[in-house]
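Heads up, the thing below is written out as structure tokens.
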Amino acid sequence: MTSSEAVILSSTRAGVRTLTLNRPERLNAANDALLLALTEEVLAAGTDPGVRVVVITGAGRGFCAGQDLGDVSGRDMTFTEHLQATYNPLIRAIRGLDKPVVTAVNGVAAGAGASLALCGDIRLWSASAMLIEVFSNIALVPDSGSTWLLPRLVGYHRAFELMALAERVGAQDGLRLGLCEHVYPDETFAADVQAYAERLAARPAHALALTKRALNAALTGTLDEALDREAELQQLAGDHWEHLEGVTAFKEKRAAEFVRGE
Ligand code: LHQ
């Protein structure tokens, strides 16, 4: 664990690297230091052989309240420059990481914090989690990937409504709308997230990396392109030791062992 003053806390257990946004008194609203540190930590987790899954969560009662609004006045950057320098590299790092990223939404996720919550490969919410596309409350446009992610999850019209009215989406509605995969009780949330992440960590890491790459590319391409890409990536997967282990385990009627000292 790094120092308690750090804007991002990092800890690793059983191949799971947990990155905790640590500005609880501001509901983990993001300033530049937090965004740059989180991006750096995500990229570092990507190259650390001891990490198989990354979890992003928040300290205290919030997940992330979006841009710290106390930290934007008087800056010498345009909105465009600000997004390109801080939020966009973070979202790209997460979606481009060759490891599964779990967003563990422990409380309110608003604005760019909602985009961060949505961009995980797996989204786990606590019962008191809440997502708000809050941007229109301050007359801004949804950013950090929300305009791309949300309509793919809920369709154009629901996305527009959530954005235009800044409606609050609680955990049960989040589950119903497909904004998260699972909801866990607040009291057991951290343990439930760790257990889920450890299940993911036991899966074949190389194959999951290729699967993530294929799915992300497929979201913006044609079926024809997806078929060709699948054929190429399947070769990489099929040539990897994980595949031999999976098939051998099947034939030997035992559980496959995908974690090796690599
Ligand atoms: C905050 C914040 C916050 C500072 C709560 N900042 N302090 C990208 C690039 C460039 C520019 C602009 O934006 C972007 C992207 C964006 O993310 S725009 C969206 C920015 N975020 C917001 O507009 C959300 C503002 N916050 C809220 O609407 C509420 O705080 C929510 C709904 C998140 C939570 O409400 P409550 O649970 O009632 O908590 P609260 O409002 O009492 O907040 C607790 C404390 O956290 C409070 O401080 P205080 O000293 O009074 O206890 C808030 O001021 C502070 N806080 N969000 N974004």
Proximal lysines relative to Lys212, as straight alpha-carbon distance under 22 Å, when same-chain residues fewer than 8 apart are discounted:
Lys99
Within the under-14-Å Cβ sphere about Ala256, not counting Ala256, Lys/Arg +1 and Asp/Glu -1 give a net charge of +2
Run the numbers for Thr248 and Asp186: contour at 0.36 nm per residue of separation, minus the present Cα-Cα distance, in nm.
18.3 nm
Counting Lys and Arg as +1 and Asp and Glu as -1, what is the net charge of the other residues whose Cβ lies under 13 Å from the Cβ of Leu97?
+2
Once both label points are put 7 Å beyond Cα along the C-beta direction, the Glu225-Thr78 separation in nm becomes 2.8 nm
Between Arg158 and Glu257, what is the FRET efficiency for a Förster distance of 30 Å, r being their Cβ-Cβ separation, to the nearest 0.05?
0.10
Reduced to Cα centres, the span from the stretch 85-109 to the stretch 6-37 in Å works out to 11 Å
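If you take every residue apart from Asp224 with its C-beta less than 15 Å away from the C-beta of Asp224, what net charge results, scoring Lys and Arg +1 and Asp and Glu -1? Before the final figure, lay out the partial values.
Details: positive: Arg229; negative: Glu225, Asp228, Glu230, Glu232.
Residues close to Asp224 contribute a combined charge of -3.
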Heavy-atom accessible area of the chain with neighbours in place, 1.4 angstrom probe: carbon+sulfur share in percent works out to 57 percent
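With every protein chain present, what is the per residue accessible area of the chain (1.4 Å probe, Å²)?
I get 51 Å² per residue for the chain.
Do any trypsin sites (Lys or Arg not before Pro) in the stretch 219-262 lie in a loop, going by DSSP, with at most 10 other beta-carbon atoms within 10 Å of their beta carbon, and if so which?
When the trypsin sites (Lys or Arg not before Pro) of the stretch 219-262 are filtered for loop state and at most 10 Cβ neighbours within 10 Å, Lys253, Arg254, Arg260 remain.
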For the stretch 70-148, state which trypsin sites (Lys or Arg not before Pro) are in a DSSP loop and have at most 12 other beta carbons lying within 10 Å of their beta carbon.
Arg75
Taking amide H positions as placed in the peptide plane 1.01 Å from N, state which residues far from Gly120 in sequence (5 or more) or on other chains have amide H under 5 Å from it.
Thr103
With a/c under 1.5 counting as rounded, go ahead and sort the stretch 8-201 into rounded, prolate or oblate using the C-alpha gyration tensor (a ≥ b ≥ c being the square roots of the eigenvalues; past the cut-off, prolate if a/b is larger than b/c, else oblate).
oblate
Find how many whole Å separate the alpha carbon centroid of the stretch 189-228 from the alpha carbon centroid of the stretch 117-179.
21 Å
Could I have the simple spin-label model distance between Arg176 and Arg13, label points 7 Å from Cα toward Cβ, reported in nm to one decimal?
3.4 nm
I want to check the label-to-label distance for Ser128 and Thr47. Put each point 7 Å from Cα in the C-beta direction and report it in nm to one decimal.
3.9 nm
Please enumerate, by chain and number, the aspartates and glutamates with C-alpha under 18 Å from the C-alpha of Lys253, excluding those fewer than 8 residues away in the same chain.
Glu242, Glu245
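The values are calculated or read from the model by the stated rules, or taken from the named source; none is laboratory data. Keep in mind that what you see is a predicted model, and the values were worked out from it rather than measured. Virtual Cβ from ideal backbone geometry, glycine too; neighbours counted across all protein chains shown. Note: accessible area is taken over every heavy atom of the protein model, side chains too, but ligands, DNA and RNA are not part of it. Shrake-Rupley method; radii C 1.70, N 1.55, O 1.52, S 1.80 Å.
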